[in-house]
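Engineer: This is the structure, below, for whatever I ask next.
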Amino acid sequence: MRLTVAFVCLFALTSSLRADAPYGLDRRVPWTTSRVVGFPSPPPPYRAVRAFPNLKVVCPIAVAHQPGSDCLLLLHQMFPWGGHGKILRVKDVPDVAEAEEVLNLDGIAYGVAFHPDFLKNGYLYVGDNGPMSGKKRTRVTRYAMDPKPPYKLDPKSAKIVLAWDSDGHNGGDLAFGPDGLLYVSSGDGTSDSDTNLTGQDLSKLLAKVLRIDVDRPGDGKEYSVPKDNPFVGLKGARPETWAYGFRNPWRLHVDKPTGDVWVGNNGQDLWEQIYLVRKGANYGWSAYEGSHPFYAGRLGGPSPLAAPVAEHHHSDARSMTGGVVYRGKKLPELHGAYVYGDWSTGKVWGIRHDKGRVTWHKELAVTPMQITGFGLDSRGELLIADHGGGTYRLEPAPKEERQFPFPTRLSETGLFASVKEHRPQPELIPYSVNAPLWSDGADKERYLALPGTEPVDFTPKNGWNFPEGTVLVKTFALGRRRVETRLLTRQVGQWYGYSYLWNDAQTDADLVPAEGADRPYEVRGLRQTWHYPSRTECMVCHSRAANFVLGLSAAQMNKVHDYGGVKDNQLRTLQHLGVFRVGRGEYADEMRGRWGRAGDEARGLLLAPFDVLSRLRPDVTRPVRQAVAEVAARLPAPPKELDPLAWAEKTFRDAPGHLTLLPKPPAEYERLVDPSDRGANLEARVRSYLHANCAICHVQAGGGNAQIELEFTTPRDKMNLVGVKPLHDAFGITGAKLVVPGDPERSILYQRVKRRGPGQMPPLATSVVDDEATALLYEWIRAMK
């Protein structure tokens with residue numbers, strides 16, 4: 001007889017279910033009226049699919065084909081913000097599952113390039129920044145690798161070809177041109193606003209694309225300077241310079257058939273750039289951000305401003321990753337196109353040009369990836385490195401089959417029984433959150449629309465995992481006037497955001513264009529501008545670091561909600577409705593912890609038919625307890641050679657099916673507090689505010705390059721916040737730190753929250769200062785010792 005195993009601690013887990021108390025909602029009604037299907041405009045023509053689904057690699061950032069072989073080199077980092085870099089080698093076959101370690105670096109890895117004569121000399125060039133401890137330098141290092149199987153690389157063969165001091169925007173990518181010369185990228189070496197003024201300084205190797213000859217070393221160096229470099233002979237200029245004025249050139253590529261040099265450049269405040277790099281050109285940083293003035297008075301180089309071939313506003317992209325020119329066979333429409341992407345939004349574009357004039361520019365795909373690099377495989381086909389842990393390809397997206405047009409009015413979505421009365425369909429589940437995101441003082445109503453009876457995969461941390469066709473609904477009101485209803489919907493495996501603008505009669509709302517909109521309103525005698533986010537801006541906040549969904553998480557939903565006269569904990573109600581699907585691993589982890597606390601005696605108390613019990617209504621669990629005890633007493637003893645806990649856990653994990661009850665009662669899950677609740681603990685109020693409003697980005701891999709950790713559960717000494725010097729603008733404040741204990745005015749965290757305009761936080765979708773939050777932060781910092 002196959003047994004599904006649980007622990008006797010089940011009694012403790014079910015004891016708090018309060019079967020005698022009414023639930024917020026009695027039963028779940030299947031939602032079948034959705035019209036939020038497909039896209040308002042044609043979807044992107046391509047989608048991303050895993051190239052090597054069986055291969056597990058942490059934080060890959062570059063991929064390159066090893067000449068003369070069917071192998072690829074994968075360059076990866078040990079964790080999202082860097083760490084020791086490694087180079088792995090894998091077979092270029094779809095079912096590859098194993099990777100061979102080729103090289104372990106004492107530095108943060110950036111790029112690799114094979115010498116044009118690699119099959120003769122075996123030279124591999126690596127760009128990194130290190131060492132991990134000590135003064136940081138960006139380095140170009142040459143290694144010797146046997147070009148024949150088993151392709152052994154000798155770490156002792158390392159020879160530094162070129163290096164420069166840099167600790168911030170480091171560049172470090174490299175590529176050989178058809179002329180056999182090595183092109184190398186360098187950043188401005190700082191983390192914000194070109195603090196050291198290197199962008200226009202030709203006397204340093206920073207903020208440039210360099211061009212050197214590694215085959216003809218001279219003057220005591222491991223390279224020489226080509227005589228036709230543009231600044232050879234210019235007094236005070238580094239002759240290695242090919243072009244300058246880059247902030248952080250993240251990815252450099254040379255198209256061998258044409259010699260075109262491409263760079264994707266990370267902008268700062270508003271713009272991201274793609275450059276087709278020309279000899280001697282000045283790309284403006286930090287006098288300009290792309291083609292837009294930044295500190296115009298800093299334009300000090302000898303060359304005039306050169307424009308990017310493409311640039312993207314931060315409403316469209318947030319962290320540009322340069323790409324490659326594709327000349328493969330599987331994607332004929334893209335032949336000859338430079339394909340590039342964005343780390344933050346996961347978007348991919350293609351661009352073609354004729355002598356620098358753009359002839360074709362197209363959005364190709366919207367993906368879930370954190371795009372860190374592009375490469376070509378052994379057949380010249382496109383590969384994309386995903387910092388989240390995978391390598392992807394593009395394939396044509398399936399043709400969209402529309403049963404009806406995408407709703408351009410809220411009344412057409414199938415979400416509301418009456419839009420005028422703002423009365424949702426009865427199948428929608430209302431909800432609220434512990435710590436709301438600041439939205440310029442707007443009140444909000446929230447609903448969850450789940451298709452049919454599909455379950456939600458519960459996770460104890462971050463947003464839950466929702467089924468295809470889910471729609472999250474949030475309506476914003478200024479005073480008594482509804483201004484916007486925002487939808488977040490999961491379609492074809494991705495999340496998409498849409499805004500609807502309410503008409504003046506308050507009878508319906510119209511779909512906002514993809515680029516967003518702004519509209520003035522008068523609120524309590526004051527005029528304010530309401531920002532309707534672009535569809536890209538929606539996904540900047542709904543980031544992969546938060547698992548895309550912000551409010552629907554255990555910490556935010558673990559609260560009592562008023563379901564129209566019946567008040568109940570939301571986790572308890574959703575559990576009762578059978579909404580949750582809980583992985584057996586969650587139970588096993590929780591039970592193992594409980595067993596460890598209970599001691600050895602509890603280890604012998606095993607097993608209940610959990611599959612059956614999990615399907616019972618909680619209000620009938622009391623009489624089941626005695627039956628569970630009797631069953632446990634009659635179970636056969638596990639093999640003596642096995643730990644009873646390990647035996648029980650394995651049996652439980654291997655059982656089929658999923659569970660619908662939470663592993664522990666709501667009271668034992670993390671819970672944010674309402675920042676406006678003055679009766680709550682001051683620290684908890686502040687941490688809840690920071691979690692809801694800032695940790696969307698300011699967590700590991702969240703995209704906020706300030707590198708502070710503001711998640712609710714992060715210990716204060718791990719936040720990288722108190723007493724830490726700001727990496728970005730200090731607003732001219734002497735002795736500024738992110739937080740200066742006892743001194744809010746010198747604390748940049750407080751300064752950013754209390755201002756609107758350049759440097760404000762949150763940076764998107766708000767034009768009104770949250771006075772209550774600034775007072776809260778002031779009080780918290782003032783009281784800090």
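The values are calculated or read from the model by the stated rules, or taken from the named source; none is laboratory data. Owing to the predicted nature of the structure, the values given are computational and were not obtained by experimental measurement. For neighbour counting, all protein chains shown are included, and Cβ atoms are generated from backbone atoms with ideal geometry for every residue, glycine included. Accessible surface is based on the protein model in full, side chains and every heavy atom, while ligands, DNA and RNA are left aside. Shrake-Rupley method; radii C 1.70, N 1.55, O 1.52, S 1.80 Å.
Engineer: How many residues does the stretch 489-511 contain that are among the aliphatic types (A, V, I, L, M), in contact (Cβ under 8 Å) with a residue 24 or more places away in the chain and open to solvent by 10 Å² or more (accessible area, probe 1.4 Å)?
Structural biologist: Number satisfying all stated conditions: 3.
Engineer: Say we look at the stretch 515-529 and pick out the residues that are more than 16 Å from residue 497 (Cβ to Cβ) and open to solvent by less than 50 Å² (accessible area, probe 1.4 Å); which of these is nearest to the chain's Cα centre (by Cα)?
Structural biologist: Checking each candidate, the answer is 528.
Engineer: Just checking: which of the strands (runs of 3 or more DSSP E) contained wholly in the stretch 140-217 hold 2 or more residues that are modelled with pLDDT of 95 or more and open to solvent by 30 Å² or more (accessible area, probe 1.4 Å)?
Structural biologist: Counting at least 2 such residues, we get 153-165.
Engineer: State whether the residues of the stretch 399-408 include one that is in contact (Cβ under 8 Å) with a residue 24 or more places away in the chain, open to solvent by less than 60 Å² (accessible area, probe 1.4 Å) and of a type in the set (S, T, N, Q).
Structural biologist: No, the conditions are met nowhere in the stretch 399-408.
Engineer: Now a separate question. Filter the stretch 757-785 for residues that are without any contact (Cβ under 8 Å) to a residue 40 or more places away in the chain, outside any helix (DSSP H, G or I) and open to solvent by 60 Å² or more (accessible area, probe 1.4 Å) and give the result.
Structural biologist: Within the stretch 757-785, just 763 meets the criteria.
Engineer: Let me ask another. Would it be correct to say that residue 378 is out of contact with any Leu (no Cβ under 9 Å at 6 or more places or on another chain), among the hydroxyl-bearing types (Ser, Thr, Tyr) and surrounded by fewer than 19 Cβ atoms within 10 Å (Cβ to Cβ)?
Structural biologist: No: the conditions fail for residue 378.
Engineer: Say we look at the stretch 504-538 and pick out the residues that are out of contact with any Ser or Thr (no Cβ under 6 Å at 6 or more places or on another chain) and among the aliphatic types (A, V, I, L, M); which of these is nearest to residue 464 (Cα to Cα)?
Structural biologist: Here the residue is 514.
Engineer: Check off (1) over 30 Å from residue 682 (Cα atoms); (2) within 25 Å of the chain's Cα centre (by Cα); (3) in contact (Cβ under 8 Å) with a residue 24 or more places away in the chain for residue 429 and give me the number that stays unchecked.
Structural biologist: All conditions pass for residue 429, except number (2).
Engineer: Here's another thing I want to ask about it. Which condition number in (1) open to solvent by 10 Å² or more (accessible area, probe 1.4 Å); (2) in contact (Cβ under 8 Å) with a residue 60 or more places away in the chain; (3) under 17 Å from residue 95 (Cα atoms) is the one that residue 52 fails?
Structural biologist: Looking at each condition in turn, residue 52 falls short on (1).
Engineer: In the stretch 115-139, how many are open to solvent by 10 Å² or more (accessible area, probe 1.4 Å) and assigned to a strand (DSSP E or B)?
Structural biologist: 3
Engineer: Working only within the stretch 284-297, note down all residues that are assigned to a loop (DSSP other than H, G, I, E, B) and either open to solvent by less than 60 Å² (accessible area, probe 1.4 Å) or among the polar types (S, T, N, Q) (or both).
Structural biologist: Result: 284, 285, 286, 287, 290, 291, 294.
Engineer: Would you check which residues across the stretch 246-269 are assigned to a loop (DSSP other than H, G, I, E, B) and either open to solvent by 30 Å² or more (accessible area, probe 1.4 Å) or touching a residue at least 60 places away in the same chain (Cβ under 8 Å) (or both) and list them?
Structural biologist: Those that are assigned to a loop (DSSP other than H, G, I, E, B) and either open to solvent by 30 Å² or more (accessible area, probe 1.4 Å) or touching a residue at least 60 places away in the same chain (Cβ under 8 Å) (or both): 246, 247, 248, 255, 256, 257, 258, 259, 260, 266, 268, 269.
Engineer: Further question: Counting only residues that are more than 18 Å from residue 502 (Cα to Cα) and surrounded by fewer than 17 Cβ atoms within 10 Å (Cβ to Cβ), how many does the stretch 466-484 have?
Structural biologist: The total comes to 2.
Engineer: With the structure loaded, tell me whether residue 300 is over 27 Å from the mean Cα position of the chain (by Cα), surrounded by fewer than 20 Cβ atoms within 10 Å (Cβ to Cβ) and under 22 Å from residue 169 (Cβ atoms) or whether it fails that test.
Structural biologist: yes
Engineer: Under the condition of being touching a helix residue (DSSP H, G or I) at 6+ places or on another chain (Cβ under 8 Å) and open to solvent by 20 Å² or more (accessible area, probe 1.4 Å), which residue from the stretch 434-459 is nearest to residue 526 (Cα to Cα)?
Structural biologist: Selected residue: 438.
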